[in-house]
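The values are calculated or read from the model by the stated rules, or taken from the named source; none is laboratory data. In this text the structure is predicted, and so the values were computed from the model without any measurement. Every residue, glycine as well, gets a Cβ built from its backbone with ideal geometry; the counts of neighbours run over all protein chains shown.
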């Protein structure tokens with residue numbers, strides 16, 4: 001950990017080097033370790049220490065960005081000089097208004113010392129719990145256990161200084177038999193909250209139930225989507241629909257729909273980067289405090305998320321959802337929550353006459369962005385439901401269905417929720433399981 | 001760097017490592033993005049560091065740091081060895097790398113124009129010109145263009161005596177025109193020279209010039225607008241389809257490149273990327289495709305995005321037969337996995353995404369070799385079919401069997417001619433059945449090595465840059481269109 005004082009020192013050095021009208025410094029630092037296992041033993045086991053300084057300079061309406069992980073005075077000077085040269089070479093950006101001004105930021109405690117200090121031996125022992133349980137039950141274990149500490153700080157020449165330390169522990173596993181598999185995963189800021197035994201039991205139990213899958217025709221089914229599948233639905237809504245940039249470019253179904261019903265009445269979704277029960281980051285990558293934004297309230301479209309650039313276009317204030325500059329992707333709802341329902345998952349199952357239980361989705365891709373039409377596969381535990389009970393495992397389906405339409409046919413939502421951390425985007429999600437009518441499976445694979 | 005590497009390797013052995021290697025990497029990237037007449041992003045990033053990989057107590061450990069100084073070596077090496085000893089807690093056997101490899105050499109990407117020396121104004125000018133050409137077409141909502149350049153300088157040294165340096169330069173570019181009609185709920189895009197933002201190669205700025213983005217800008221913009229009112233691609237259970245070279249390249253990447261990664265086959269990617277239907281007993285006796293299908297993994301193709309001198313285990317770049325006349329004959333391997341299948345030696349496909357990641361088996365240039373057909377003859381000899389061009393969506397299951405792809409644009413073919421434009425085309429199938437249904441591959445005149453700069457794999461995630469030579473190809477009896 002660099003700590004706030006060292007980071008302040010770095011940002012002060014950059015400000016001294018920069019002659020720009022406005023200067024922003026984003027510092028990200030992490031200590032990250034990951035123990036990976038397959039065939040019921042540890043086969044990859046890694047750790048890294050990194051810190052990056054990203055400099056954005058503004059000359060009038062010319063902007064340049066450079067980054068480095070060389071934190072020496074020479075490295076910082078090189079980054080500041082490169083940013084300046086880049087800025088001076090480019091034409092004005094007429095859409096640019098200003099870097100943000102300081103605003104109060106809520107302090108959220110998500111740094112857990114014992115997670116940051118988790119040792120290779122501690123990770124190996126946790127993994128060995130899964131491997132031993134797998135061997136005892138005749139299945140094969142694969143997965144990964146990550147522990148990390150990280151710091152994010154943003155400072156700008158208008159007086160912004162925001163600093164947040166955090167930690168992350170995340171374990172996931174796929175347990176496999178010869179012809180079936182099961183999945184389980186958990187994430188938390190505190191590594192002690194990761195219960196390896198419970199994760200192993202959940203995945204092993206599912207893998208054993210998934211043995212010898214049988215054919216089931218593709219078609220329209222009621223589906224019980226476990227939390228692992230629902231998180232994918234929220235990921236695509238973030239990417240395709242909830243960003244002001246997507247709305248401004250006519251790529252989002254939310255365009256012109258605020259105040260209108262767009263989903264089932266039992267669906268409420270919001271974004272809250274300062275929530276203590278997420279992998280929180282209470283400010284965005286421009287140093288703007290993250291607002292709690294209600295996106296869908298009882299099925300009605302209520303809001304979208306902004307960074308300073310998209311907010312300026314709409315004449316509103318940023319909601320604190322910027323990604324690091326320079327950002328072609330627009331703002332992102334990185335901390336999504338879907339409201340839980342009142343039904344236990346087991347009760348939701350009882351209400352299904354004939355349907356399909358889906359553990360998770362895999363390799364999902366956009367077919368049509370406005371419709372949120374997505375194709376992908378099911379994976380690691382797909383079962384036929386008949387008369388309120390799981391009756392047999394079935395081969396995995398390909399689906400091509402609108403996630404928006406699915407959220408318009410939500411019959412029930414579970415009391416239980418799970419917290420996820422997305423490695424690729426650094427986003428966190430808290431979601432329940434949902435029961436959806438009219439889900440389109442369009443193909444079947446061979447396993 | 002020699003002293004730095006030697007110190008790390010010596011420290012590792014002193015601490016009990018039976019094998020160690022070190023990679024010291026500096027990566028510089030430059031990214032330029034233009035959208036609707038504005039330079040939206042202009043950035044240069046540099047990332048440097050070193051990673052030490054060791055075997056201790058018969059198990060792997062790896063640690064990496066951005067602080068490339070002598071004082072950091074001891075901490076990082078000690079961490080790597082401690083991690084290896086922790087790994088040994090669950091080991092079932094000792095890691096076996098096979099015969100010792102001692103390699104020495106230097107590889108540099110040949111470039112005519114170093115992209116980092118080309119004036120920024122020239123690059124921005126090309127993108128702005130293409131952007132203006134696209135926006136001149138009525139109906140275009142968003143015009144985007146980008147360039148990406150990367151230089152990676154890396155040193156590899158191992159306790160077996162290897163010492164290798166490489167400088168690899170990449171250049172990539174692309175433009176995209178988007179048209180939308182909210183009333184009809186339609187949104188259409190066209191890209192050039194490839195989708196996903198850009199095409200990329202290991203060459204210099206000369207590649208950017210050859211892509212002729214300003215000259216193609218108006219065409220793709222007009223096609224995007226025309227697609228808004230084009231007919232919906234029909235849903236057919238068994239159609240003849242002809243794929244353009246870029247779509248064939250992605251088909252090869254997803255349905256051949258990934259399932260031949262031996263780490264997937266052996267289960268070590270099971271939790272994330274998945275496994276493979278090409279299980280070991282199929283090697284040498286499984287019909288993967290029709291007789292016209294010949295696929296190689298070749299890290300020596302000039303300019304390919306998967307081209308290098310040595311992989312990240314210090315194994316020299318090679319060309320390996322994968323599919324020969326339709327028969328499955330080869331995997332991509334590492335030193336360790338080659339021993340597990342008793343294949344003798346690695347064919348050099350271990351690649352790491354920077355200094356802070358371990359090498360994994362990654363595609364090099366996995367290519368469908370040219371066939372015998374003139375590209376035009378594929379169409380003129382087709383009575384009833386669909387031409388599909390430029391990827392729009394892609395998805396495949398975790399054993400790489402069931403896939404579905406969508407393309408930006410399609411054309412109905414009747415009596416050997418393209419008759420009308422079709423939108424929202426998709427096709428789906430099962431890998432060996434699909435390649436078995438290929439009856440014609442176009443010849444070398446239309447064979448291009450495409451680049452895929454966004455291939456994800458591993459935990460923690462890694463992005464690989466892979467190449468795929470391909471020309472247009474025809475497939476019979478394919479299921480088309482699931483959008484109603």
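Here are a few things to note about the model shown:
- A residue that is touching a residue at least 40 places away in the same chain (Cβ under 8 Å), buried (at least 22 other Cβ atoms within 10 Å of the Cβ), in contact with a helix residue (DSSP H, G or I) (Cβ under 7 Å, 6 or more places away or on another chain) and assigned to a loop (DSSP other than H, G, I, E, B) can be found somewhere in the stretch A:311-330.
- Residue within the stretch A:252-275 that is closer than 23 Å to residue A:99 by Cβ and in a loop (DSSP other than H, G, I, E, B) present: yes
- Selection of the stretch A:67-76 for residues being assigned to a helix (DSSP H, G or I) and either under 18 Å from residue A:154 (Cα atoms) or within 10 Å of chain B (Cβ to nearest Cβ) (or both) yields A:75, A:76.
- Being under 19 Å from residue A:40 (Cβ atoms) and either buried (at least 23 other Cβ atoms within 10 Å of the Cβ) or within 27 Å of the chain's Cα centre (by Cα) (or both) is a description that applies to residue A:139.
- Failed item in (1) touching a helix residue (DSSP H, G or I) at 6+ places or on another chain (Cβ under 6 Å); (2) in a helix (DSSP H, G or I); (3) under 16 Å from residue A:156 (Cα atoms), with residue A:121 passing the rest: (3)
- Verdict on residue B:266 being buried (at least 18 other Cβ atoms within 10 Å of the Cβ) and within 14 Å of another protein chain (Cβ to nearest Cβ): yes
- Per-region count, the stretch A:389-405, residues in contact with a strand residue (DSSP E or B) (Cβ under 8 Å, 6 or more places away or on another chain) and either farther than 20 Å from residue A:347 by Cα or within 14 Å of chain B (Cβ to nearest Cβ) (or both): 11
- Top-ranked residue of the stretch A:208-235 - restricted to ones that are within 14 Å of chain B (Cβ to nearest Cβ), buried (at least 18 other Cβ atoms within 10 Å of the Cβ) and not in a loop (DSSP other than H, G, I, E, B), ranked as farthest from the chain's Cα centre (by Cα): A:228
- Matching option when the condition is more than 20 Å from the chain's Cα centre (by Cα) and either within 18 Å of residue B:264 (Cα to Cα) or outside the structural domain of residue B:163 (by TED's automatic domain parsing) (or both), among B:312, B:321, B:377, B:298: B:377
- Boolean, residue A:39 is surrounded by fewer than 22 Cβ atoms within 10 Å (Cβ to Cβ), facing chain B (nearest Cβ under 9 Å), touching a residue at least 24 places away in the same chain (Cβ under 8 Å) and under 30 Å from residue B:85 (Cβ atoms): yes
- Flag if residue A:375 is surrounded by 24 or more Cβ atoms within 10 Å (Cβ to Cβ), within 11 Å of another protein chain (Cβ to nearest Cβ) and touching a strand residue (DSSP E or B) at 6+ places or on another chain (Cβ under 6 Å): yes
Matching residues to (1) under 30 Å from residue A:45 (Cβ atoms); (2) within 14 Å of chain A (Cβ to nearest Cβ):
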{"residue": "B:432", "(1), (2)": "no, yes"}
{"residue": "B:436", "(1), (2)": "no, no"}
{"residue": "B:442", "(1), (2)": "no, no"}
{"residue": "B:452", "(1), (2)": "yes, no"}
{"residue": "B:458", "(1), (2)": "yes, yes"}
{"residue": "B:469", "(1), (2)": "no, no"}
{"residue": "B:474", "(1), (2)": "no, no"}
{"residue": "B:482", "(1), (2)": "no, yes"}
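- Unmet criterion (only one of (1) facing chain B (nearest Cβ under 7 Å); (2) at pLDDT 95 or above; (3) surrounded by 23 or more Cβ atoms within 10 Å (Cβ to Cβ); (4) more than 22 Å from residue A:191 (Cβ to Cβ)) for residue A:64: (2)
- Some residue of the stretch A:96-108 being at the interface with another protein chain (Cβ under 10 Å from one of its Cβ atoms) and under 17 Å from residue A:20 (Cβ atoms): yes
- Residues that are away from chain A (no Cβ under 14 Å) and more than 21 Å from residue B:316 (Cβ to Cβ) were ranked within the stretch B:81-113; the one that is surrounded by the fewest Cβ atoms within 10 Å (Cβ to Cβ) is B:112.
- Residues within the stretch A:283-305 that are within 21 Å of residue A:159 (Cα to Cα) and buried (at least 21 other Cβ atoms within 10 Å of the Cβ), tallied: 7
- Looking across B:217, B:230, one residue alone is surrounded by fewer than 24 Cβ atoms within 10 Å (Cβ to Cβ) and modelled with pLDDT of 95 or more. It is B:230.
- Against the list (1) free of Cβ contacts under 8 Å to residues at least 40 places away in the same chain; (2) outside any helix (DSSP H, G or I), the condition residue B:87 fails is (2).
- Within the option set A:141, A:87, A:148, being within 9 Å of another protein chain (Cβ to nearest Cβ) and either closer than 19 Å to residue A:52 by Cα or part of a helix (DSSP H, G or I) (or both) holds for one residue only, A:87.
- Verdict on residue A:255 being surrounded by fewer than 23 Cβ atoms within 10 Å (Cβ to Cβ), within 14 Å of chain B (Cβ to nearest Cβ) and either without any contact (Cβ under 8 Å) to a residue 40 or more places away in the chain or in contact with a helix residue (DSSP H, G or I) (Cβ under 6 Å, 6 or more places away or on another chain) (or both): yes
- Pair list, Cβ < 9 Å and 6+ apart or interchain, from the stretch A:126-139 residues that are more than 11 Å from residue A:204 (Cα to Cα) to residues that are surrounded by fewer than 15 Cβ atoms within 10 Å (Cβ to Cβ): A:129/A:197
- Taking the stretch B:52-72 as the range and being at the interface with another protein chain (Cβ under 8 Å from one of its Cβ atoms) and part of a strand (DSSP E or B) as the test, the residues that pass are B:59, B:60, B:61, B:62, B:63, B:64, B:65.
- Note on the stretch A:351-447: enclosed strands (runs of 3 or more DSSP E) holding 2 or more residues that are touching a helix residue (DSSP H, G or I) at 6+ places or on another chain (Cβ under 8 Å) are A:354-368, A:373-386, A:389-393, A:410-421, A:428-444.
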